[in-house]
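Values quoted throughout were computed directly from the atomic coordinates according to the rules given, and no laboratory measurement underlies them. In this text the structure is predicted, and so the values were computed from the model without any measurement. When we count neighbours, we look across all protein chains shown, and the Cβ atoms used for this are built from the backbone with ideal geometry, even at glycine.
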Amino acid sequence: MTRTRTTRLRRPLLAGTTAVAAMAVTAGLVAATAEPAKAATGPKLSLIAATNSLTLTSWKEDPGVYLDLGTYLTAEGRPLELKVTRKSYKDPVTVTQTVYEGGKAKAKTLPKGTVKDFSGLPGFAEITITDQKGKKVLNRTEDFCPNNASGRVRPDAPATSKYPESCPTNPFTLGSVWGVEKGWAANTYAGSYTDAVPLKAGTYTAKVGVAKKYRDLFGIANKPATVKVTVVERSYEDDQGAATPSAASRSATAGEHGHGAAHRTPAAHADHGPGHAPTPAQAAAPVTSGASPSYNVGHGPLKAAPPALPWALKKKQAARSTPVGDTAGQTDGSRKAPALQPLAKRPAGKPAVPDVPKPDLRSLPAYGIVVTDGEKDIPGKDYLAFSANVWNAGPAQLVVDGFRSPGKSKMDAYQYFYDAKGKQVGYTPTGTMEWDPRPGHVHWHFTDFASYRLLKADKKEAVRSGKEAFCLANTDAIDYTVKNANWHPYNTDLSTACGEESSISVREVLDVGSGDTYSQDLPGQSFDITDVPNGTYYIQVLANPAKRLKETSLDNNSALRKIVLGGKPDARTVTVPAHELVNAN
């Protein structure tokens, strides 16, 4: 249970691109023991080091070193594939591994407690660092997200990885898929989601191994990797004219992804000025352990992980203080996601809703719930701010196009339907889209996508939020185990997904398995509780409130989150009880 009063937080903008580069390394493989012919088999996993020496930087103004040591987990023979799920919020998170028996895939249930959430394998990497005299100066463990930044270890490996690009962090995630593609390697670095370590300038030896429980579980050889580490101290003033490095970029510079500050520590809200930066206690969700572009980064004050560069670029990057970017023959994942293209013209013919698969919109309980005094720090006013997510359980995408008549301020919106082969077989009008010029938005919103209401203890409405228009984007991986889930959705980049003020048409898509989070700081993402009495209430997140969108089911569109308001005027508090087993405010 959490009591919170705070200022507003930021909504993240993030790109879903993958850092992919060829990796020419020699992976020592685990020697396979003889097995019965019908025994279930998995991948051959090995821990490797991309280099035997590297240099890390400790900034004088903000000392500490992040241990991106260039160690990777490789998979050979078959991919490492894990499916992480929970039946409901009353049930613990469980994990199964995909293994093969007689060439057929089957699920192998891993021991209870193997995972605790959806952020990765806890305590996977064991790191020991000694100084030049052989004295141990550090001994720690780090979590590992198999979906971390990765690349191929041999040229005949699959050209792309089929697995998602990060481990989800939304506290109400229901299902995730983690994997290391065969012939690929995933960085074991946990990103800035781990604490920096206080290492003085000098030379050290780092020994990185895999915890015994995972060696036993996956058949990984006990062969720790050894890396010589040189720590140098630098000052932000050393690079005249260069942008000040953020905490997320001290060990591996973050690429400038399309979601702006998504991969850097969130700054104070522009309207607030300095002094309003979120504190760790205000976190809306647990931090991820991904060192790659991550869903939900920044939804609340999550520390943003730098996208760990493919090892081949590490030495080239070490001396640079600006992002590498995409250049000829090199991609570090910083390219912006392209905008989705609507149809060239309005649909013609008679509207029809065919009997084909449709999306299934579902609401998640509100989280990141805080009391604030408003966007402009209004004296005498109290607002209840929150994050909310509506996701698509499928089995079909939600596809909405908006078309603008010349000179009009709104677009007419249409929902499209497709058959199993992807052919458009129908459409229906479904409201409008409107341009929202407010800071934090500045794009086209589809109206009536969701509604927020504060309900009394008897579930009768007390306050309704004015927020009922949304730019649809795949910001969060909510359940990638549902049928037809897309592990690599497009429009994760809000800076391009929802059009410009001059747009004549816009396409907005919510893909299967993904959800769209709106965070606390956005205009309308709150209730005015100035005159609302103290007591027990429920925040209702309601998808498709006008029922204009055609769905698989309309019976699962509402989600409630219990809260208790307290305090005095201009000093209100909110207590947020755990939602079944999910204890996230």
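Some notes on this structure:
- Qualifying trypsin sites (Lys or Arg not before Pro) in region 35-82, where qualification requires a DSSP coil assignment and no more than 10 other C-beta atoms within 10 Å, comprise Lys38.
- Rounded to two decimals, the Cα-based Rg/Rh of region 186-237, with Kirkwood Rh, is 1.08.
- Greater than 23 Å apart at Cα, pairs in Lys108/Lys207; Lys135/Lys228; Lys44/Lys116; Lys44/Lys106; Lys345/Lys408: Lys108/Lys207; Lys44/Lys116
- For the residue pairs Lys381/Lys547; Lys182/Lys421; Lys162/Lys410, the alpha carbons lie more than 31 Å apart in Lys381/Lys547; Lys162/Lys410.
- Taking the C-alpha atoms of region 54-135, convex hull volume expressed per residue in Å³: 185 Å³
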